[in-house]
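Okay, structure first, notes after.
The values are calculated or read from the model by the stated rules, or taken from the named source; none is laboratory data. Quantities reported herein were computed from a predicted structural model and do not represent experimental measurements. Glycine gets a Cβ as well: all are built from the backbone with ideal geometry, and neighbour counts include every protein chain shown.
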Amino acid sequence: MTETISSLHTRVEGGCDKTNLSKMLRPECYIDEHWFERELQTIHFPAWHFACLSTSLPNVGSFVSRRFLERSVIVVRSEDGIIRAFLNTCRHRGAPLTSESCGKNAYFRCPFHKWSYDTFGNLTSAPGLGGSVKRSDLKKLDLNLVPIQCEAVAGLVFINLNKENEMPLEVYLGNYIDKVALPHQTQRMHCVQEKSYALTTNWKLYIEVDMETLHTNFVHSRSIGSQPVKPVEHDRNWFGVYHQNSLSPALFPEKRNLAFPTPRDVIGEAAEGTHFSVILPGFFIVTAPEVMWWIQKTPISATRTSVNVGYAFHDETLARHDFNEIAPHYFERLDQVILEDDQICEYQLEGLSNRVRGHFTPVEPVAAYFSELIETRLLEAGYE
Ligand code: FES
Ligand SMILES: [Fe+2]
């Protein structure tokens with residue numbers, strides 16, 4: 001097992017030699033498809049992936065569709081209120097059931113030949129088989145939608161593409177829920193803006209930049225500035241840092257006095273600062289006292305990464321009379337910072353293509369930890 005962030009941090013901070021550097025992964029790990037294939041099998045396919053907030057599926061039939069690792073998945077609230085996930089593929093001749101990223105359907109009807117499925121994924125009508133085929137006969141055909149593992153905790157909905165997976169989501173997330181999600185009241189968060197796009201970068205570079213604040217003084221000199229952080233005690237499949245703040249870091253420095261107040265029940269550390277967390281493999285989620293945002297990184301290839309960004313606020317913040325007046329200041333700052341990170345991660349990859357190995361300094365211990373974790377997991381899976 002790799003060491004924890006805390007021990008790595010202590011080792012680096014406590015060392016007399018401040019020139020102590022740790023190595024990045026070998027350059028090919030950010031560029032080559034054969035390494036990427038190993039990562040897919042070892043790290044991505046076995047993992048739980050964030051799909052949406054449960055508040056984004058408020059009603060029976062509310063759904064979102066998402067792409068994960070070349071799979072298209074529908075996540076829907078079924079008639080019994082449970083959130084379920086299915087592959088977005090018709091059982092007739094394989095067309096997607098929907099091309100919408102979200103919506104509300106009493107049932108899913110394939111646009112090709114109109115086969116229909118209810119919110120449990122059951123085939124309910126199948127043109128071509130005769131108009132009078134009874135539901136009981138359709139059931140015998142066993143042509144329901146292919147289910148995907150789906151679980152929700154603290155208002156966060158995740159899916160898992162691995163049929164063999166036996167680790168429940170709550171176990172996978174370790175102490176994240178008690179330490180971060182519940183104190184920040186994530187179950188009361190509502191997504192107010194979301195967007196998806198692709199970048200020419202390796203997904204790990206974006207996680208590394210999320211986990212170090214050396215760059216904030218340079219890449220985000222106007223939008224963030226200095227942002228000291230400390231590693232958080234963690235276990236299982238997440239890690240993160242905490243930034244103590246009296247003024248919201250989610251607004252431009254000169255606008256921080258405009259921040260929404262901290263909602264009820266957000267207390268203790270959650271009310272006094274911001275947790276920047278990574279839920280492996282690529283879900284970066286930031287929980288500040290009064291706002292939450294995420295940048296989900298899903299690899300398309302070694303050098304292309306799909307990015308899903310979302311901004312969310314607590315229910316009572318959304319209900320404020322001044323929400324529409326103040327929220328744009330948050331959007332402006334979040335858009336700007338994410339654009340700056342998007343651009344620097346694409347830029348960084350251009351240099352790494354020369355295959356010169358990079359380093360982490362002692363003030364980037366969490367990015368170094370992530371790198372070490374990836375290497376360890378691949379070594380444990382028998383790859384060198
Ligand atoms: S492919 Fe869906 S109904 Fe034919
Ligand atoms: Fe950044």
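For region 326-350, which positions are more than 10 Å from ligand 2 (Cβ to nearest atom) and touching a residue at least 12 places away in the same chain (Cβ under 8 Å)? Across region 326-350, the qualifying residues are ILE326, ALA327, HIS329, TYR330, PHE331, GLU332, ARG333, LEU334, GLN336, GLU346, GLN348, LEU349.
The criterion of at least 3 residues that are touching a residue at least 40 places away in the same chain (Cβ under 8 Å) is met by the following helices (runs of 4 or more DSSP H) wholly inside region 119-212: 169-172, 203-210. Each residue in region 167-192 was checked for being touching a helix residue (DSSP H, G or I) at 6+ places or on another chain (Cβ under 9 Å) and hydroxyl-bearing (Ser, Thr, Tyr), and 1 of them qualify. With respect to being in contact with a helix residue (DSSP H, G or I) (Cβ under 7 Å, 6 or more places away or on another chain), part of a strand (DSSP E or B) and not assigned by TED's automatic domain parsing to the domain that holds PHE284, VAL64 fits the description. Kindly check whether there is at least one residue in region 188-208 that is over 22 Å from the mean Cα position of the chain (by Cα) and surrounded by 17 or more Cβ atoms within 10 Å (Cβ to Cβ). So far as region 188-208 goes, no, none of its residues is over 22 Å from the mean Cα position of the chain (by Cα) and surrounded by 17 or more Cβ atoms within 10 Å (Cβ to Cβ).
The rows are residues; the columns are (1) buried (at least 16 other Cβ atoms within 10 Å of the Cβ); (2) within 13 Å of ligand 1 (Cβ to nearest atom).
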site: GLY103; (1), (2): no, no
site: ALA106; (1), (2): no, no
site: PRO111; (1), (2): no, yes
site: TYR117; (1), (2): yes, yes
site: LEU123; (1), (2): yes, yes
site: ARG135; (1), (2): no, no
site: LYS139; (1), (2): no, no
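Exactly one residue out of ASN217, ASN162, ASN144 is away from ligand 1 (no atom under 16 Å from the Cβ), of a type outside the set (A, V, I, L, M, F, W, C), out of contact with any helix residue (DSSP H, G or I) (no Cβ under 8 Å at 6 or more places or on another chain) and not assigned by TED's automatic domain parsing to the domain that holds MET24, and it is ASN162. Just so you know, in region 198-214 the residues that are out of contact with any strand residue (DSSP E or B) (no Cβ under 6 Å at 6 or more places or on another chain) and of a type in the set (Ser, Thr, Tyr) include one that is farthest from ligand 1 (Cβ to nearest atom), and it is THR213.
Would you say VAL307 is within 21 Å of ALA270 (Cβ to Cβ) and touching a helix residue (DSSP H, G or I) at 6+ places or on another chain (Cβ under 8 Å)? No: the conditions fail for VAL307. Being in a loop (DSSP other than H, G, I, E, B), buried (at least 19 other Cβ atoms within 10 Å of the Cβ), at pLDDT 95 or above and away from ligand 2 (no atom under 16 Å from the Cβ) holds for only one residue in PHE260, PHE239, and it is PHE260. Any residue that is under 23 Å from LEU169 (Cα atoms) and among the hydrophobic types (A, V, I, L, M, F, W, C) - is there at least one of those in region 249-261? No, because not a single residue in region 249-261 is under 23 Å from LEU169 (Cα atoms) and among the hydrophobic types (A, V, I, L, M, F, W, C). With respect to the conditions (1) over 26 Å from TYR369 (Cα atoms); (2) surrounded by 14 or more Cβ atoms within 10 Å (Cβ to Cβ); (3) not assigned by TED's automatic domain parsing to the domain that holds GLY351, GLN185 falls short on a single one, namely (3). One residue stands out among those in region 351-384 that are among the aromatic types (Phe, Trp, Tyr) and more than 18 Å from ALA302 (Cβ to Cβ): the one that is farthest from ligand 2 (Cβ to nearest atom), which is TYR369.
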